[in-house]
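Here is the structure we will look at.
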Amino acid sequence: MKTRRPFFIRNWLGLFGAVVAAGGFFSAVCLLALDLFADRTHPYLGILTYLIAPAVMATGLALIVAGAWRERRRQRFAAPGETAGFPKIDLNDPRQRRRFMLATAGVFVFLMVSALGSYRTYHFTESVEFCGRVCHKVMEPEYTAYQHSPHARVACVQCHIGPGADWFVRSKLSGSYQVYATLANKFPRPIPRPIKNLRPAQDTCEQCHWPQKFFSSVERINTHFLADETNTPWTIQLLMKVGGGDPDQGPVSGIHWHVGGQQQIEYIATDAARQKIPWVRVTDLNGNVTVYEAKEDALKPDQVTTSAMRRMDCIDCHNQPSHIYRAPAALVNQAMATGRIPRTLPFIKKNAVEVLTAEYKTTEDALQTIAKKLPAPAVAETQRIYRQNFFPEMKVDWRTYPNNIGHTISTGCYRCHDGQHVNAKGKAIRHDCNLCHLILTQGPPGQLAPLSAQGQPFQHPVDIGDLWKETNCAECHTGALTK
């Protein structure tokens with residue numbers, strides 16, 4: 001008696017699908033074993049194991065289904081004697097019983113491997129390697145900056161997705177278009193910020209950084225170098241009023257007063273980057289509302305009604321918690337202060353910042369130019385600074401995304417604390433140096449002013465009279481050489 005193949009592979013399409021599915025399954029098992037037991041793996045192995053191999057297997061299964069449908073359709077229009085009914089299974093027949101048991105075991109193994117593969121696929125697509133290294137060209141700036149950030153040990157998904165299925169589904173839906181944009185080379189350069197529909201910081205940042213547990217002030221010592229021949233140093237020692245605290249134990253003060261829970265702050269920004277804020281509303285625990293409006297470019301009542309209003313959270317100031325592109329002047333200062341760039345090299349501050357801020361088409365062009373223009377002792381460190389903070393292929397550097405922490409090289413705090421936002425009584429949001437920090441001491445080494453717990457007036461390293469009182473720092477200080 002001639003043995004007939006199962007009806008679903010009784011055609012070339014179904015047979016081809018069976019071969020493809022078997023090949024995909026075998027590949028998935030081998031790759032899964034390699035990924036589970038190898039000491040070190042590459043992110044592209046994860047792509048092959050958890051994305052490509054399952055896709056091949058699914059394609060094969062789809063071809064089998066299509067072949068079965070085609071075969072059934074063919075039989076429907078065949079002569080009556082040629083039409084086969086549904087497959088008959090007789091477990092009393094030893095041959096059919098063996099085939100049934102073998103098929104059942106195969107299905108069980110397939111389901112177990114599929115379950116394990118699905119679990120591993122979920123974790124792979126949630127991994128830092130998948131986010132940063134798979135889409136290397138697109139995410140190189142973000143991944144590089146992330147590796148050198150304070151959150152380098154925090155997985156991407158903990159901030160970008162957070163716990164719960166709701167935001168997981170949202171991220172995968174938005175990620176589908178991002179995959180298409182990457183494959184079609186239609187992604188913007190640079191990638192725009194802030195991210196639209198980012199999960200509220202209360203659900204992510206505050207799972208670790210709890211404002212009610214912020215109390216003490218923090219001391220910071222910054223050493224700057226002038227762009228003169230001797231690279232004249234200038235030190236400023238600050239006491240940052242971090243603030244925060246538990247409202248049940250007393251008033252909340254300091255910088256984290258804004259998110260301390262005793263009041264709710266909302267604002268309207270008129271630009272996508274949230275750098276222009278003409279309208280601010282503060283609501284205290286008793287429900288009292290105070291609105292501050294900019295003296296210039298104030299919004300009209302109908303604009304306030306129709307504009308998108310945002311509740312202030314961590315990200316409004318800490319807008320670069322992990323993807324930080326630092327300014328070249330600050331990086332060179334830091335390298336000189338720690339001895340990585342010798343401060344004895346004449347004009348090295350000026351020359352290093354100039355070569356870093358020049359325009360280049362590629363990173364390789366920049367590294368070669370740095371090697372040519374700077375003295376040998378400064379080359380390696382300056383190249384490292386460039387590789388970690390400048391990405392010409394993606395048009396990303398410190399100017400691309402203004403950092404809202406501070407007010408030295410970007411508007412930052414002065415978006416609201418400029419003395420020009422007033423309420424109905426004419427009272428302005430404070431524009432006071434001592435509001436967020438105290439200057440304990442400042443000056444060149446060996447000539448530092450005596451420490452003062454009450455703080456002391458700011459002294460500009462270069463004598464510019466009272467100009468620093470009349471203009472914002474960022475009008476002269478851009479992160480490159482001072483204008």
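Among the trypsin sites (Lys or Arg not before Pro) found in segment 91-182, those both in a DSSP coil and sparsely packed, with 15 or fewer other Cβ atoms within 10 Å of their Cβ, are ARG153.
Taking other Cβ atoms within 10 Å as a rough exposure proxy, TRP167, TRP69 sort from fewest to most as TRP69, TRP167. Taking θ as phi - 60° and the Karplus parameters 6.51, -1.76 and 1.60, the scalar couplings of segment 154-162 work out to 9, 5, 3, 5, 5, 9, 7, 10, x Hz in sequence order, x denoting glycine and proline.
Along its first, second and third principal axes, ordered by size, segment 328-483 spans 59, 41, 23 Å in Cα coordinates. For the cross-link pairs LYS395/LYS469; LYS373/LYS483; LYS172/LYS196; LYS213/LYS295; LYS213/LYS469, the ones whose C-alpha atoms lie over 26 Å apart are LYS395/LYS469; LYS213/LYS295; LYS213/LYS469.
Does segment 401-483 come out rounded, prolate or oblate, given a ≥ b ≥ c as the square roots of the eigenvalues of its C-alpha gyration tensor, rounded meaning a/c under 1.5 and, failing that, prolate meaning a/b above b/c? Oblate, because a/c is 1.5 or more while a/b does not exceed b/c. Our coupling estimate for segment 323-339, obtained by passing each phi through the Karplus curve with A = 6.51, B = -1.76, C = 1.60 and θ = phi - 60°, is 9, 9, 10, 7, 6, x, 4, 5, 5, 5, 4, 5, 5, 6, 5, 9, x Hz, Gly and Pro reported as x. Fewest neighbouring Cβ atoms within 10 Å first, the residues VAL282, VAL107, VAL332 line up as VAL107, VAL282, VAL332.
Computed over the alpha-carbon pairs of segment 328-394, the distance histogram in 10 Å steps reads 22, 60, 16, 1 percent, short to long.
Calculated on C-alpha atoms, the gyration radius of the chain divided by its Kirkwood radius gives an Rg/Rh of 1.13. For segment 129-198, the equivalent ellipsoid derived from the Cα gyration tensor has semi-axes of 19, 18, 11 Å, listed largest first. I need the shape label for segment 202-322. Rule: rounded when a/c is under 1.5, else prolate if a/b > b/c, else oblate, with a, b, c from the alpha carbon gyration tensor. Cα axes put segment 202-322 in the oblate bin. Annotation: amide H-H contacts under 5 Å for HIS437 (H modelled 1.01 Å from N, sequence separation of 5 or more, or interchain): LYS241. In straight-distance terms, cross-link reach from LYS300 covers every one of the lysines whose alpha-carbon lies under 19 Å from its own, apart from those fewer than eight places away in the same chain; here that gives LYS276, LYS425.
Counting beta carbons within 10 Å around each of VAL396, VAL109, VAL20 and listing the fewest first gives the order VAL109, VAL20, VAL396. From most to least packed by mean Cβ count within 10 Å, the peptides 454-460, 283-289, 363-369 give 363-369, 454-460, 283-289.
Readers should treat all values here as calculations from the given coordinates under stated rules, not as data from a laboratory. Model, not experiment: these values are computed from the prediction. Here Cβ is always computed from backbone atoms with ideal geometry, including for glycine, and neighbour counts include all displayed protein chains.
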